[in-house]
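The block underneath contains the structure these notes are about, expressed in structure tokens.
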Amino acid sequence: MITGIDKIVYGVEDLDACVRFFTDWGLALQQQEASGACLTTLDGCEVELRLATDPTLPEAIEPGSTVRKVVWGTSEESELARLQQKLPGAQPGPDGVEAVDPNGLTLAFRKTRRRPVALTGSVCNTVDQTLRVDERARVYEAAQPYKIGHVVFFAPEVQACVSFYQEHLGFVVSDCYPNAGYFLRCRPEGGHHDLFVLQTPDRKRGLNHVSYTVRDIHEVFGGGMNIDRKGWTTQLGPGRHPISSAYFWYFHCPAGATAEYYADEDVCTAAWTPREWERTPENFAEWAVTQGFDGTTRRPRTSH
């Protein structure tokens, strides 16, 4: 069974800036040399940074710094042999069994290296249940993402991508913008989506964002304000997605497109009923702060 994203491999133009961004973001630097670096989330998900000129990197799906490979974990080593037989064009590679999806993106599959991690988030008291008693909700001065939550790509032929992930990898559609965008989870029971593929009117191809999951909404806020204080720029947020129920905050990322802090997504089982959504701004974000919060004043920014 595919368990989720195990590693993201970026090809980058400014390695030092990317290392600085991801250490500010809250990842742990494991290794750095002139040609690349490796950082990890709390549960062991890896972010590998390599110079975009590295000839051993897979072909880029767009110019500039971007994701070159998504490595998915499996629960069993035996699953890899099945994938090598089932996936079109699959062959051994440096990160396990490798193949290319219809968007031109290189995928790899390996026995997961993620590890269980004991974490707690702040619970909310609601009108019908009191879960936090004699305890203040946590205030975070910075974030430490515990996993890579999902990845989002623009695809010129979205239906071909959806069919590939469903038929060859067993992904399940959680919700969709009909014929335009599909939220897919990699197993029947799990978070709302591990992958979102989106078709734009101009049928562009490329990375939209990589999402890094944090403990709770308070860590989204604390992490975002810390990143602002470090000098990085908000793309949008904080805000809340109606489709996945999750809170978000997007920042421009020197490794490509944007990076997202993400918390409190829906959890789905086989009983979940997918819904078709109209592609509108209000369905993307129930609410959102356009330019983020100033991490020093703790007030919304009016300009950068």
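The values are calculated or read from the model by the stated rules, or taken from the named source; none is laboratory data. A quick note: this is a predicted structure, and the numbers were derived from the prediction, not measured. Note: ideal-geometry Cβ built from the backbone for every residue, glycine included; neighbour counts use all protein chains shown. Keep in mind that these areas ignore ligands, DNA and RNA; they rest on the heavy atoms of the full protein, side chains included. Shrake-Rupley method; radii C 1.70, N 1.55, O 1.52, S 1.80 Å.
Toward the positive end of the charge dipole of the chain, with +1 on the Cβ of Lys and Arg and -1 on the Cβ of Asp and Glu, the farthest Cα among 225, 179, 99 is that of 225.
For segment 135-172, GluC sites (Glu not before Pro) meeting the loop criterion (DSSP other than H, G, I, E, B) and having at most 11 other Cβ atoms within 10 Å: 135, 141.
Under the Kirkwood approximation for Rh and a Cα-based Rg, what ratio Rg/Rh is obtained for segment 108-246?
Working: Rg = 17.7 Å, Rh = 17.5 Å.
Dividing the radius of gyration by the Kirkwood radius yields 1.01.
The distance between label points at residue 168 and residue 287 comes to 4.3 nm (points 7 Å beyond Cα on the Cα→Cβ vector).
Computed from the Cβ-Cβ distance with R0 of 25 Å, the FRET efficiency linking residue 299 to residue 20 stands at 0.45. Apolar share of the accessible surface for the chain: 49 percent from carbon plus sulfur atoms, 1.4 Å probe. Equivalent-ellipsoid semi-axes for segment 37-76 (Cα gyration tensor, √(5λ), whole Å, largest first): 22, 13, 9. Within the assembled protein chains, the solvent-accessible surface assigned to residue 1 is about 100 Å², based on a 1.4 Å probe. Taking 22 Å as the straight-line reach from the Cα of residue 230, the lysines in range (excluding those fewer than 8 positions away in the same chain) are 147. Restricting the calculation to Cα atoms, segment 24-142 shows an Rg/Rh of 1.11 when the hydrodynamic-style radius is the Kirkwood one.
Per residue, the chain reaches -4500 deg cm²/dmol at 222 nm when only DSSP H runs of four or more residues are counted, each adding -39500 (n - 2.57). Net charge near residue 234, counting Lys/Arg +1 and Asp/Glu -1 over other residues with Cβ under 13 Å of its Cβ? Counting the neighbours of residue 234, the net charge comes to 0. Residues in the chain average 45 Å² of solvent-accessible surface per residue, probe 1.4 Å, ligands and nucleic acids excluded.
Rg of the Cα atoms in segment 203-265, relative to 2.2 N^0.38 Å, amounts to 1.10. Among the GluC sites (Glu not before Pro) found in segment 42-116, those both in a DSSP coil and sparsely packed, with 12 or fewer other Cβ atoms within 10 Å of their Cβ, are 59, 76, 77.
Of all the options 288, 270, 118, the one that moves most in a Gaussian network model of the chain with Cα springs shorter than 10 angstrom is 118.
Placing unit charges on each Cβ (+1 for Lys and Arg, -1 for Asp and Glu) gives the chain a dipole about its Cα centre, and among 137, 267, 210 the Cα reaching farthest toward its positive end belongs to 137.
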